[in-house]
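Report on the following structure.
The values are calculated or read from the model by the stated rules, or taken from the named source; none is laboratory data. Everything numeric in this text was worked out from a predicted model, so none of it was measured. Positions of Cβ are generated from backbone atoms using ideal geometry, with glycine treated the same way; all protein chains shown enter the neighbour counts.
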Amino acid sequence: MSIIIDGKQCAADIRTELRTTIEERRQSGRTVPGLALLLVGNNPASEVYVGSKDKACKEIGMNSTIVRMPESASEEEILRMIDGWNHDDAVHGILVQLPLPKHINEMNVIMAISPDKDVDGFHPVNVGRLVIGLDGFAPCTPAGIVELLKRYSIETSGKHVVVVGRSNIVGKPMANLMYQKYTGMNAIVTVCHTGTDDISFYTRQADILIMAVGVPHLITPQDVKPGVVVIDVGMNRLEDTSKKSGYRLVGDVDFQSVATVASAITPVPGGVGPMTIAMLLSNTMKSLERKESNR
Ligand SMILES: NC(=O)c1ccc[n+]([C@@H]2O[C@H](COP(=O)([O-])OP(=O)(O)OC[C@H]3O[C@@H](n4cnc5c(N)ncnc54)[C@H](OP(=O)(O)O)[C@@H]3O)[C@@H](O)[C@H]2O)c1
């Protein structure tokens, strides 16, 4: 039976560590980190995500503020709000919840955030820093996965990591992180996507398999080699009439069957998901520390 990688516990540990640091700062009269969250429109899922991020900040004593703008908000109004936060010393992290309404150019908005406060790690400056191995902000989900591997002492150096999915927020940064010449990385990386003819051919060669596609139960035991470490980023809703909500969340991996052959595996929910918010908090703390040390 494989080790179940408990993202919920790791995320709770990170939040406890941050709470202690923030409490110490508060008691000694030092600056406390602050996160500004922008929610445009009334997408119910975005409302939930922003609410959870705000709550997570408050629980660890981090300052946070949510600004809500109507669906009809103009790009100019959004850029003005971001510019204000860029110049606000009490704001160390800026997060614009995506997706934005159709009439807004998302890249213009991402580019308007100061790279020094871009705690989501989506600004091209931070993407570039990540690629060439400089210190910056890595996107929260891939950063959370690196942290999970580290906390479970899973060797990555010289291992073959196969990443399935190449989105800008998960797959691409994940792959770029894993081959960096640093401890907890230094892997040999293969990236698969919809242009890959026989995904199973590649996934069977993985020492560490990272799935980020959004297809429920794509991976079954015949797609992996025994002893593989499986990181499942997928969050897919499957209809389930036994649930009050009418659905249950499943990953890209058939957890029950793959857990019998893997050496370690993340569950869905409770694996990668909780780490994403924990890393957002951690990036915001890091932003303040970088500012203080003029990095
Ligand atoms: N746990 C978390 O905190 C968290 C955070 C972010 C995302 N997620 C979840 O992770 C999943 C991926 O998210 P995303 O934002 O990266 O999704 P995305 O932007 O839709 O990208 C999906 C990627 O998977 C590839 N793909 C799709 N179907 C495939 C298939 N059958 N075979 C091989 N490759 C396939 C796509 O290839 P092409 O590039 O060729 O189209 C694309 O690169 C989703 O379920 C999402 O909900 C979870």
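Can you tell me which residues in the range 169-180 are farther than 13 Å from Ala143 by Cβ and more than 10 Å from the ligand (Cβ to nearest atom)?
Start the filter on the range 169-180 by keeping residues that are farther than 13 Å from Ala143 by Cβ, which leaves 171-172, 175, 179.
If the condition is that a residue be farther than 13 Å from Ala143 by Cβ and more than 10 Å from the ligand (Cβ to nearest atom), then Ala175, Tyr179 are the ones that fit.
Can you confirm whether Val233 is within 16 Å of the chain's Cα centre (by Cα), among the β-branched types (Val, Ile, Thr) and under 30 Å from Asn63 (Cβ atoms)? Steps first, please.
Details: within 16 Å of the chain's Cα centre (by Cα): yes; among the β-branched types (Val, Ile, Thr): yes; under 30 Å from Asn63 (Cβ atoms): yes.
In short, yes.
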Next on the checklist: Checking the condition closer than 27 Å to Gln27 by Cα and either of a type outside the set (Lys, Arg) or surrounded by fewer than 16 Cβ atoms within 10 Å (Cβ to Cβ) (or both), which residue from Asp120, Asp116 passes?
Outcome noted: Asp116
Next on the checklist: Go through the range 268-283 and report how many residues are in a helix (DSSP H, G or I), touching a Gly at 6+ places or on another chain (Cβ under 7 Å) and not polar (S, T, N, Q).
Outcome noted: 5
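Among the candidates Thr196, Thr183, which residue alone is more than 28 Å from Gln97 (Cβ to Cβ) and more than 10 Å from the ligand (Cβ to nearest atom)?
Details: Thr196 fails: more than 10 Å from the ligand (Cβ to nearest atom).
After applying the criteria, what remains is Thr183.
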Checklist entry - Which numbered condition trips up Ser2, out of (1) touching a helix residue (DSSP H, G or I) at 6+ places or on another chain (Cβ under 9 Å); (2) under 22 Å from Lys291 (Cβ atoms); (3) polar (S, T, N, Q)? => result (2)
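Report, by residue number, each residue of the range 233-282 that is within 13 Å of the ligand (Cβ to nearest atom) and among the polar types (S, T, N, Q). Walk me through how you get there before you give the answer.
Quick first cut of the range 233-282, residues within 13 Å of the ligand (Cβ to nearest atom) only: 233-238, 249-253, 266-280.
If the condition is that a residue be within 13 Å of the ligand (Cβ to nearest atom) and among the polar types (S, T, N, Q), then Asn236, Thr266, Thr276 are the ones that fit.
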Checklist entry - Between a first residue in the range 206-224 that is away from the ligand (no atom under 11 Å from the Cβ) and a second residue that is in a loop (DSSP other than H, G, I, E, B), which pairs have beta carbons less than 6 Å apart while being 6 or more apart in sequence or on different chains? => result Ala206/Val228; Asp207/Lys159; Ile208/Lys159; Leu209/Val228; His217/Asp254; Thr220/Asp254; Pro221/Val261
Checklist entry - Do we have any residue at all in the range 159-175 that's over 18 Å from the mean Cα position of the chain (by Cα) and in a loop (DSSP other than H, G, I, E, B)? => result yes
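Just checking, how many residues over the range 115-139 are part of a loop (DSSP other than H, G, I, E, B) and within 16 Å of Leu98 (Cβ to Cβ)? Quick ask: steps written out before the conclusion?
So the first thing to find is which residues in the range 115-139 are part of a loop (DSSP other than H, G, I, E, B), and the list is 118-123, 132-139.
When the remaining residues are screened for being within 16 Å of Leu98 (Cβ to Cβ), the result is 118-123, 137, 139.
Qualifying residue count for the region: 8.
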Item to check | Tyr202, sole failed condition from (1) modelled with pLDDT of 95 or more; (2) surrounded by fewer than 23 Cβ atoms within 10 Å (Cβ to Cβ); (3) farther than 21 Å from Glu155 by Cα; (4) more than 9 Å from the ligand (Cβ to nearest atom) | outcome: (3)
Checklist outcome for this item: Subset of the range 176-205, residues without any contact (Cβ under 8 Å) to a residue 40 or more places away in the chain and not in a loop (DSSP other than H, G, I, E, B), comes to Met178, Ile188, Val189, Thr190, Val191, Cys192, Ile199, Ser200, Phe201
Checklist entry - Looking at Val191, Val228, Val224, which one is under 20 Å from the mean Cα position of the chain (by Cα) and of a type in the set (A, V, I, L, M, F, W, C)? => result Val191
